Structure formats: C-alpha cells, structure tokens
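S.K.: Below: one structure in structure tokens.
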Amino acid sequence: MENRIVAPDVFDPRIYAAGIPHDRFRALRDHAPVAWQEEPEILGWPAGSGFWAVTRHADVVRVLKDSGTYSSHLGATQIRDPDPADLPFIRRMMLNQDPPEHGRLRRLVSRAFTPGRIERFGVTARERARQLLAGAVDAGGEVDLVRAVTDDYALLNLTDLLGVPPSDRGLLHTWTERVIAYQDPDEPPVLDDEGRPVNPRSPAMLAEMFDYAQELAAHKREHPADDVMSVLATSELADAELEMFFFLLTVAGNDTVRSAAPGGLLALAEHPDEQRRLWNGDVSPDMAVDELLRVHPPVLSFRRTAARDTELAGQAIRRGDKVVVFHASANHDERVFPDPHRLDLDRSPNPHVSFGDGPHVCLGAHFARLQLRVLHEEVRRACPGGLELAGPPRRLVSNFINGIKSLPVRLREPSAPRA
C-alpha cells in the first residue's frame with residue numbers, strides 16, 4: 001500500500017458542533033489536498049473502510065464534474081457505506097445515479113422547476129417571511145431565529161412548492177430530522193433488534209414516507225394544482241422513482257434553506273460592518289446571498305467512489321476507494337478566494353461550490369437563492385436597527401449537513417447603540 005500522510009481528522013461529526021474546522025482544512029489543502037481518513041466507530045455507528053478527503057477547490061470541482069471516474073452510483077453519496085442489501089434501493093434516487101440514467105430523471109423532474117412557478121412562489125415566500133419576522137419582533141428583546149423564523153420558513157416554503165396540505169407539514173419535518181440529524185445526540189437513533197442504529201435511508205425507515213408520497217400523488221392526479229407533486233404525479237416516473245424524488249425533494253429541498261438561512265444570518269451578526277452595508281443598500285442582495293452561501297455552505301461534504309484506478313493531486317487512488325469532497329474547505333481555498341475568511345458581500349468572482357458542480361449541481365439552486373434573498377430583504381425591513389448575537393449558536397453534530405439548531409439574537413431598535 002502507498003504511503004499515506006497522517007492527516008488531521010475531518011471525519012468525526014462531533015468536530016462540526018464547534019463550526020467548520022478551518023484550521024484542519026487549511027492544513028490539508030496546504031500539505032495533503034487528497035488525504036486518507038480513517039472511519040472509526042463513532043456514536044454507535046460501525047467503523048468503515050476509510051476514504052480520501054478532497055479539500056482544494058480545483059480538485060473538488062474535478063471530482064464533481066468527472067462522473068465517469070468518480071461515481072455516485074457505485075457506493076451512493078454518503079460517507080458511511082450503506083448495507084449492501086440496501087444499495088439497489090438507494091440507487092433509485094437521482095442523487096445516487098450516474099449519467100446517462102441520471103440525466104433522464106433530471107430532465108423529467110426539471111420540468112416541475114420552471115422559472116415561472118418558482119417566481120410565483122416568491123410572492124408567497126415574502127409574505128411568509130414577513131409574518132414570521134413580525135412574530136419574532138413582537139416577542140421583543142432576544143429571540144431564537146431558528147425556532148421563531150428559519151425552520152418554519154424553509155419547511156412551509158417547501159410544502160407550498162410540493163403541494164403538501166397544511167395538516168401534513170409536520171410529517172415532513174419529522175422525516176427530515178430522522179434523515180439529516182441521525183448523527184446528532186439530540187435525535188435518538190432507531191435501533192435494530194441487536195441494539196445497532198438503523199440507517200435512516202434504509203427501506204424500512206422510509207416506508208412511511210413512500211406510502212405518503214403515493215397517496216399524495218394519487219390525490220394530485222384527481223385534483224391537480226400548480227405544484228411540483230402535480231407535475232411529478234402525471235409524469236413518466238415509475239412509482240419507485242416518484243417515491244425517491246419525493247424523498248429527495250423533502251430532505252434536500254427543506255434542509256438546504258433550513259441550514260443556509262440561519263448560517264447567513266449568523267455571518268451577518270458576526271460581521272456588523274458587512275451587515276450595515278447590506279442594510280444600507282450598498283451591496284446587491286443577490287451577491288450577498290452567494291457570499292453567505294460561500295462562508296456557510298448548507299452541505300459540508302459529498303462522497304463519490306472511484307470507478308477506475310486514477311490519480312488526483314498526485315495521489316494514487318484505486319478503483320473502489322471512497323473519495324469525499326469537502327465543499328466547506330473548497331469555499332475557503334486561498335488559491336481561488338483572496339482573503340477567504342473575510343466576509344465580502346460583493347465578492348466577485350465567487351465560484352463557490354455550495355450547490356455542487358457538474359451533472360449533480362443542485363436542481364433547486366434557483367429556488368433556494370430566491371428564498372434566501374427574500375428572507376434577507378425582509379429581515380432588513382423588519383429589523384432596521386440590525387441584529388446581533390445574544391449567545392453562541394448551537395450546531396448540528398454532522399459531517400454532512402452544516403446545520404444550526406439554535407441562533408439566539410438581539411433585534412435592535414434603529415436608534416439602539418451597538419454593544
């Protein structure tokens with residue numbers, strides 16, 4: 001076996017509870033841009049075979065664009081290996097497919113994400129942001145923006161887009177928590193008969209969601225509306241494909257904005273000068289959204305599997321090796337972003353990879369950007385005096401989602417002095 005440099009650990013999900021480990025990523029980018037990582041047993045989950053961590057921007061982009069060499073299909077896209085019995089099931093999802101099969105499904109579902117439909121939902125999103133923020137302001141003093149605003153904002157926007165009835169929206173929240181927060185101690189794991197945690201993406205854990213997806217699709221065929229599920233229910237998708245799309249949209253569509261919204265507000269609270277520039281109208285909200293996405297990408301990492309022997313940044317990689325790209329590191333690569341740890345709301349160019357790259361670039365990126373822009377515009381309108389941290393944020397224990405569980409802030413009156 002080739003020599004492997006002993007590299008800082010960026011696998012342990014507990015590391016990310018303290019924020020993105022920028023010092024570790026910097027060390028990897030500078031000295032071992034493709035570095036071997038062990039996968040020890042952690043939090044009750046069994047040990048894995050290890051993987052290559054890819055941390056420089058150019059290499060991350062290369063992996064994401066080259067699906068022929070770095071496959072989403074072979075081992076799916078999570079760091080942990082799925083149960084071999086579950087792998088055929090997991091491969092039904094577009095996220096876990098390679099071209100050309102991936103392209104067929106993407107073209108089918110992309111018909112539902114028309115610019116006109118998304119822009120119409122922008123009106124609803126703005127009204128929802130105003131209502132949620134009004135409630136937060138009325139509460140006065142300090143408020144947890146995650147609980148008061150951003151969680152509901154992301155979830156309710158998604159359910160409007162999908163066409164989920166208001167009475168069922170809590171189900172989507174429960175299913176998302178089960179899948180996304182499975183590494184977090186606040187989300188107790190589901191255990192099998194031998195006391196081992198059950199993969200939240202396994203068929204058994206998703207059966208309830210899939211049954212609901214079929215019921216909703218049947219309802220939409222009888223009562224179509226201007227929503228995504230009405231389009232999918234009458235498309236060429238097979239039943240199993242429709243179920244997986246509902247899963248993908250429910251989890252990815254919710255958690256992208258759910259993570260990015262409080263992350264962006266946290267960055268603004270930590271950088272009052274940049275916050276003031278945005279509040280004063282000195283920077284474009286669209287450019288600000290991309291910079292906030294750069295510094296707080298909603299997804300920390302994605303896995304690929306080498307389809308053939310190859311070489312990346314001088315490191316030999318063998319067929320079957322796991323290769324994990326770290327968006328959070330690529331977005332702070334000094335080779336691409338001057339002074340990467342400085343928040344610069346009108347940074348240009350800004351080729352961040354928060355929505356991925358290549359054939360799997362985020363299908364709902366336009367929808368996510370729209371929601372984030374509307375939210376920041378409405379925060380500025382509702383809180384003209386700005387916002388400042390009232391305590392440390394609580395972060396999700398995860399090496400996949402860059403989540404914030406709590407964001408206590410103080411909403412200042414326009415005339416209030418800064419602390």
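The values are calculated or read from the model by the stated rules, or taken from the named source; none is laboratory data. Note that this is a predicted model, so its numbers are computed, not measured. Methodologically, a virtual Cβ is constructed for each residue, glycine included, from the backbone with ideal geometry; neighbour enumeration extends over all protein chains shown. Keep in mind that these areas ignore ligands, DNA and RNA; they rest on the heavy atoms of the full protein, side chains included. Shrake-Rupley method; radii C 1.70, N 1.55, O 1.52, S 1.80 Å.
S.K.: Which of the residues belonging to region 31-58 are within 20 Å of the chain's Cα centre (by Cα) and not β-branched (Val, Ile, Thr)?
M.R.: Ala53, Arg56, His57
S.K.: Let me ask something else about it. Suppose the filter is crowded, with 18+ Cβ neighbours inside 10 Å and among the small types (Gly, Ala, Ser); does Ala148 pass it?
M.R.: Taking the combined requirement at face value, the residue satisfies it.
S.K.: Please work out if Met287 is open to solvent by 20 Å² or more (accessible area, probe 1.4 Å), over 26 Å from Asp152 (Cβ atoms), not aromatic (Phe, Trp, Tyr) and not in a loop (DSSP other than H, G, I, E, B).
M.R.: yes
S.K.: Could you grab me the full set of residues in region 213-244 that are closer than 18 Å to Pro203 by Cβ and small (Gly, Ala, Ser)?
M.R.: Residues satisfying the conditions are Ala213, Ala238, Ala240.
S.K.: Hey, another quick one. Name the residue, out of Gly135, Gly140, that is on the phi > 0 side of the Ramachandran plot and not aromatic (Phe, Trp, Tyr).
M.R.: The match here is Gly140.
S.K.: Run down Phe355, Phe337, Phe302 and say which single residue is modelled with pLDDT of 95 or more, part of a strand (DSSP E or B) and buried (at least 16 other Cβ atoms within 10 Å of the Cβ).
M.R.: None of the others qualify; the one that does is Phe302.
S.K.: A further question on this structure: So, in region 26-39, how many residues would count as being under 18 Å from Phe337 (Cβ atoms) and open to solvent by less than 30 Å² (accessible area, probe 1.4 Å)?
M.R.: 3
S.K.: Still on this model: State whether the residues of region 397-418 include one that is touching a Leu at 6+ places or on another chain (Cβ under 7 Å) and assigned to a helix (DSSP H, G or I).
M.R.: No, because not a single residue in region 397-418 is touching a Leu at 6+ places or on another chain (Cβ under 7 Å) and assigned to a helix (DSSP H, G or I).
S.K.: For region 371-400, what are the residues that are open to solvent by 10 Å² or more (accessible area, probe 1.4 Å), in contact with a strand residue (DSSP E or B) (Cβ under 7 Å, 6 or more places away or on another chain) and either small (Gly, Ala, Ser) or closer than 26 Å to Phe121 by Cβ (or both)?
M.R.: Of everything in region 371-400, those that are open to solvent by 10 Å² or more (accessible area, probe 1.4 Å), in contact with a strand residue (DSSP E or B) (Cβ under 7 Å, 6 or more places away or on another chain) and either small (Gly, Ala, Ser) or closer than 26 Å to Phe121 by Cβ (or both) turn out to be Ala390, Gly391.
S.K.: May I pose another question? Test of understanding: among Asp12, Asp23, Asp98, Asp86, which residue is within 30 Å of Pro393 (Cα to Cα) and either open to solvent by less than 30 Å² (accessible area, probe 1.4 Å) or in contact (Cβ under 8 Å) with a residue 24 or more places away in the chain (or both)?
M.R.: Every option except Asp12 fails the conditions.
S.K.: Is it true that Ser259 is among the small types (Gly, Ala, Ser), part of a helix (DSSP H, G or I), surrounded by 19 or more Cβ atoms within 10 Å (Cβ to Cβ) and in contact with a Lys or Arg (Cβ under 8 Å, 6 or more places away or on another chain)?
M.R.: It is false that Ser259 is among the small types (Gly, Ala, Ser), part of a helix (DSSP H, G or I), surrounded by 19 or more Cβ atoms within 10 Å (Cβ to Cβ) and in contact with a Lys or Arg (Cβ under 8 Å, 6 or more places away or on another chain).
S.K.: Quick one: in region 44-66, of everything that is open to solvent by less than 20 Å² (accessible area, probe 1.4 Å) and outside any helix (DSSP H, G or I), which residue is farthest from Leu312 (Cα to Cα)?
M.R.: The residue in question is Gly50.
S.K.: Would you pick out the residues in region 305-324 that are surrounded by 16 or more Cβ atoms within 10 Å (Cβ to Cβ) and either part of a strand (DSSP E or B) or out of contact with any helix residue (DSSP H, G or I) (no Cβ under 6 Å at 6 or more places or on another chain) (or both)?
M.R.: Listed by number, the residues that qualify are Thr305, Ala306, Ala307, Thr310, Leu312, Gln315, Ile317, Asp321, Lys322, Val323, Val324.
S.K.: Now for a separate question. Which residues, counting only those in region 356-376, are farther than 17 Å from Ser72 by Cβ and not β-branched (Val, Ile, Thr)?
M.R.: Matches in region 356-376: Gly364, Ala365, His366, Phe367, Ala368, Arg369, Leu370, Gln371, Leu372, Arg373, Leu375, His376.
S.K.: Have a look at Arg381, Arg369 and point out the one that is among the charged types (D, E, K, R) and out of contact with any helix residue (DSSP H, G or I) (no Cβ under 6 Å at 6 or more places or on another chain).
M.R.: Residue meeting the stated conditions: Arg381.
S.K.: I've got another one for you. Considering each of Pro224, Pro165 in turn, give the residue that is modelled with pLDDT of 75 or more and open to solvent by less than 70 Å² (accessible area, probe 1.4 Å).
M.R.: When all the criteria are applied, what remains is Pro165.
S.K.: Let me confirm something: among Leu242, Leu293, Leu278, which residue is free of Cβ contacts under 8 Å to residues at least 60 places away in the same chain and open to solvent by less than 10 Å² (accessible area, probe 1.4 Å)?
M.R.: Leu242
S.K.: Can you tell me which of (1) open to solvent by less than 30 Å² (accessible area, probe 1.4 Å); (2) among the aliphatic types (A, V, I, L, M); (3) at pLDDT 90 or above is the one Ala218 doesn't meet?
M.R.: Here Ala218 clears every test but (1).
S.K.: Hey, another quick one. Identify all residues within region 213-239 that are free of Cβ contacts under 8 Å to residues at least 40 places away in the same chain and among the small types (Gly, Ala, Ser); write none if there are none.
M.R.: Within region 213-239, Ala213, Ala217, Ala218, Ala233, Ala238 qualify.
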